[in-house]
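These notes concern the structure reproduced below.
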Amino acid sequence: MKTLMINHRKNVIALLAFIASIITITPDARAFTSGEDEQQFDTLNYVLIRGTVEDEDNGDPLPFATVAIEGSNIATVSNSSGNFSLKVPKNMTDKNIRFSFIGYEKKYVPLSEFRRGRNTVRLKMITVPLVEVSVFPSDPNLLIKAVLNRRDENYLNQPVTMTAFYRETIKKGWSYVSLSEAVVEVYKHSYDDPREDRVRLQIGRKSTDYDKLDTLAFKLQGGPYTATMLDIMKDPYLLFDNEMIDYYNFKISNITRIEDRTIYVLSFEQKPHINIPLFYGKLYIDTENLAVTRAIFNMNTEDRDEVARMFIRKKPLGARVYPTEASYTVNYREDDNGKWYFGYSRGEVSFKVKWRRKLFNTNYHTTLEMAVTDWEYTEEKPFRGSDRLKMNAILEDEVSGFSNPDFWGDYNVIEPEQPIEAAIRKIQRKLERLE
């Protein structure tokens, strides 16, 4: 058990490590623009479509739905409000845009049907036939073992280079105090290769409200790498592997669909007698090939002191810092050859800071997300050391603020949530007054 505890702690630190430290703040950054101005790009070679993905019956937004160009690897995801934007090359204007979301029928919409401004795409919830609901595997433990044993068969077996959009945010209370975004290249080894992915920064920017940071600032260490580490089928030991599955209880809780595939919903949680912080959540498993198509999981944060030792690298004197919630999502996509690959990940961690001799606590909420917007097979070697981000890099320290409305150019990005857009504009106005 002691060895398991040490290895598990190392894995979680690698998964999502934060630094809480007292730093000197120098307000030298410039806020970046967002919203409509951000969408300027090469209109001669690309078409921009924007819209919202909703439930057909009740109009609820569908967050993190996949939006892809049919017959290509170009894709994005809707944000937490269901909004999306996608830049389509002019030589693909005869294609359809495919929308998919777990539990809903996939939908193809011809590009010609999209109008200028925002469009609404409504997906219909799938009703799973009773005959499928009754077909559960008899032993969920055998199911998860089969999933792990078929990993090399189900996922990409060649190295690829991926273009991905990455964002991280930090909120103090209800206010955003730091926002960083980047387009990165990811060199992903085949899923049967134990070597870690490599990340190279293409372009990035940040916006920070220094007035709200006080003397305490959380910085997310290894952000883009952390997002790739959430690919639990590339690095299954970060959640559980063949050795750790005995520390969990598994249960097949439902059957649903994604596109035309029937999906087992496998719930898991740590066994009651296991006294180290593990995870609980759900795996969405294709019933035909036993590939994990999606994972949603949380860390058990009941043991605050132990979880704090896992996450917090430094903390200021006179303060007790501990995580109160840690939740993660990872989505996979299927290529034309039936191989699955990493498409999107999101991590959210909330911290509480209790100050000695202070009446009120301070709450921080951190979020990171990465969406793969394009990829291709490669025969090149991994990025060289001088050309790639370091594993412990802090993105905020690697980029600076910009106000160029054409900053992202032809890259596909994830639309910001409305509160983030408002925070960016507010920070920008404040900095303009200081100039």
Leaving out ligands, DNA and RNA but keeping every protein chain, what accessible area does ILE296 have, in Å² rounded to the nearest 10, with a 1.4 Å probe?
-> 50 Å²
Cross-link pairs beyond the 20 Å C-alpha cut-off, checked among LYS251/LYS282; LYS107/LYS251; LYS107/LYS234; LYS339/LYS390 = LYS107/LYS251; LYS107/LYS234; LYS339/LYS390
Within the range 147-212, trypsin sites (Lys or Arg not before Pro) in DSSP loop having at most 14 other beta-carbon neighbours inside 10 Å | ARG150, ARG195
Simple spin-label model, 7 Å along Cα-to-Cβ: ASP57 to ASP241 in nm?
-> 4.3 nm
How far is it, in nm, from the label point at GLU153 to the one at SER267 when both lie 7 Å from their Cα along the line to the Cβ?
-> 2.9 nm
Virtual paramagnetic centre 7 Å along Cα→Cβ of SER327, amide N under 14 Å, in the range 360-381 | 365-368
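Let's test the formula: R0 of 22 Å, r as the Cβ-Cβ distance of ASN275 and SER350. What FRET efficiency results, to the nearest 0.05?
Values: r = 23 Å, r/R0 = 1.04.
Calculated transfer efficiency: 0.45.
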So, with points 7 Å from each Cα along the Cβ direction, the MET391-PHE360 label distance in nm works out to 4.1 nm
Excluding residues fewer than 8 positions from LYS95 in its own chain, the aspartates and glutamates with Cα under 14 Å of it are GLU70, GLU113
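For the range 353-406, which trypsin sites (Lys or Arg not before Pro) pass both filters: DSSP loop (anything but H, G, I, E, B) and at most 15 other C-beta atoms within 10 Å? Each step should come with its number before you reach the end.
Numbers: sites: LYS354, ARG356, ARG357, LYS358, ARG384, ARG388, LYS390; in loops: ARG356, ARG357, LYS358, ARG384, ARG388, LYS390.
Within the range 353-406, the qualifying trypsin sites (Lys or Arg not before Pro) (loop, at most 15 other Cβ atoms within 10 Å) are ARG356, ARG357, LYS358, ARG384, LYS390.
In nm, what is the difference between 0.36 nm times the number of residues separating ASP335 and GLU113 and their Cα-Cα distance?
Values: separation 222, 0.36 × 222 = 79.92 nm, distance 2.53 nm.
Gain on extension, ASP335 to GLU113, equals 77.4 nm.
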Shape metrics for the range 254-340, restricted to C-alpha atoms - Rg then Dmax, Å | 17.6, 56
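The values are calculated or read from the model by the stated rules, or taken from the named source; none is laboratory data. Just so it is clear, the structure is predicted and the values come from calculations on it, not from any experiment. Every residue, glycine as well, gets a Cβ built from its backbone with ideal geometry; the counts of neighbours run over all protein chains shown. These accessible areas exclude ligands, DNA and RNA; they are computed on the full protein's heavy atoms, side chains included. Shrake-Rupley method; radii C 1.70, N 1.55, O 1.52, S 1.80 Å.
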